[in-house]
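K.L.:
After the structure tokens below, expect a handful of questions from me.
The values are calculated or read from the model by the stated rules, or taken from the named source; none is laboratory data. These numbers come from a predicted model, not from an experiment. For neighbour counting, all protein chains shown are included, and Cβ atoms are generated from backbone atoms with ideal geometry for every residue, glycine included.
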Ligand SMILES: [Zn+2]
Ligand SMILES: [Zn+2]
């Protein structure tokens, strides 16, 4: 099998990799239908995270269960499944509180830009769809594996309420799906911050009522979907006293001054999204055609051209690249 490996900043290779095998009785092997490049993959691609050795890539996936370990009961070969980038037993206390991405037995999925994937803790991690979805639904199902679940968590963590005002910082896939999530949760005014025409258009399609390039002041709910010091300060500056910030951009160099934060009166809630918590509800919304988060994929490539997917996203020629094995 061939899979994606990052050797150095800007150096993505599609090369021979060992085929995944069942290691623990709780594992499943999934034949990947579609996978993709994540905005967070661009951090190491751009050299923001040190790469000490060739690193397999990919954590967003959906596909058909090919094989399960002897202890797996909830999914079976032939089913179409989606899982989060964080595995979870779905039974420990953190999981039961809905924070499956902090599961006591969590492992990160790191090799999904490949035709096959081993998923640990299959029973708790994977959720099967009612049937194998039609081809045109695959991008939306794939989006649930991370970006849609993360945008949804951002809106949840920012306490989006019917009629409330919402600011979304970041016009990447997660920010755009944060707009969709806020709309779905009944927000009144949704202000998307973007300077890019194609992204502004999609933000409007997903439910943004206003597009601005600079921050306004005083929203009830602010979704921080980038992870830089600038975006975090933008988010804090856009929140009213007593308002809520949901932050899901993986922080790089973000440092908050305690005293400054103290006087803002904002609520902060964020982290790696517990996507697993939302999967059943989001699968239902996609299955019934109520949301179409797959629209964030504006580039589709065969998996063996994965390096071009990274390049296109790095140069912001593409919002998000879908890869077909
Ligand atoms: Zn991701
Ligand atoms: Zn757990």
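K.L.:
Criterion first (within 21 Å of residue 278 (Cβ to Cβ), away from ligand 2 (no atom under 16 Å from the Cβ), surrounded by 16 or more Cβ atoms within 10 Å (Cβ to Cβ) and within 19 Å of the chain's Cα centre (by Cα)) does residue 87 satisfy it?
P.N.:
The answer is no for residue 87.
K.L.:
Going by the structure shown, is residue 170 surrounded by fewer than 23 Cβ atoms within 10 Å (Cβ to Cβ) and over 13 Å from the mean Cα position of the chain (by Cα)?
P.N.:
No, not satisfied.
K.L.:
Related question: Among the listed residues 105, 59, identify the single one that is within 16 Å of ligand 2 (Cβ to nearest atom) and either surrounded by fewer than 17 Cβ atoms within 10 Å (Cβ to Cβ) or modelled with pLDDT of 95 or more (or both).
P.N.:
Testing whether each residue is within 16 Å of ligand 2 (Cβ to nearest atom) and either surrounded by fewer than 17 Cβ atoms within 10 Å (Cβ to Cβ) or modelled with pLDDT of 95 or more (or both) leaves just 105.
K.L.:
When you go through 164, 178, 218 one by one, which is the residue that is in contact with a strand residue (DSSP E or B) (Cβ under 7 Å, 6 or more places away or on another chain) and surrounded by fewer than 18 Cβ atoms within 10 Å (Cβ to Cβ)?
P.N.:
Of 164, 178, 218, the one residue that is in contact with a strand residue (DSSP E or B) (Cβ under 7 Å, 6 or more places away or on another chain) and surrounded by fewer than 18 Cβ atoms within 10 Å (Cβ to Cβ) is 218.
K.L.:
Consider only pairs whose beta carbons are under 9 Å apart and that are at least six residues apart or on different chains; among these, list those whose first residue lies in region 79-91 and is closer than 19 Å to residue 41 by Cβ and in contact (Cβ under 8 Å) with a residue 12 or more places away in the chain and whose second residue is in a strand (DSSP E or B) and within 12 Å of ligand 1 (Cβ to nearest atom).
P.N.:
82/61; 83/61; 85/61; 85/108; 86/108; 87/108
K.L.:
Restricting the search to region 31-55, which residues are over 18 Å from the mean Cα position of the chain (by Cα) and either more than 18 Å from residue 2 (Cα to Cα) or free of Cβ contacts under 8 Å to residues at least 60 places away in the same chain (or both)?
P.N.:
Residues satisfying the conditions are 46, 47, 48, 49, 50, 51, 52, 53, 54, 55.
K.L.:
Follow-up. For region 253-276, state whether one or more residues are assigned by TED's automatic domain parsing to the domain that holds residue 318 and exposed (fewer than 14 other Cβ atoms within 10 Å of the Cβ).
P.N.:
no
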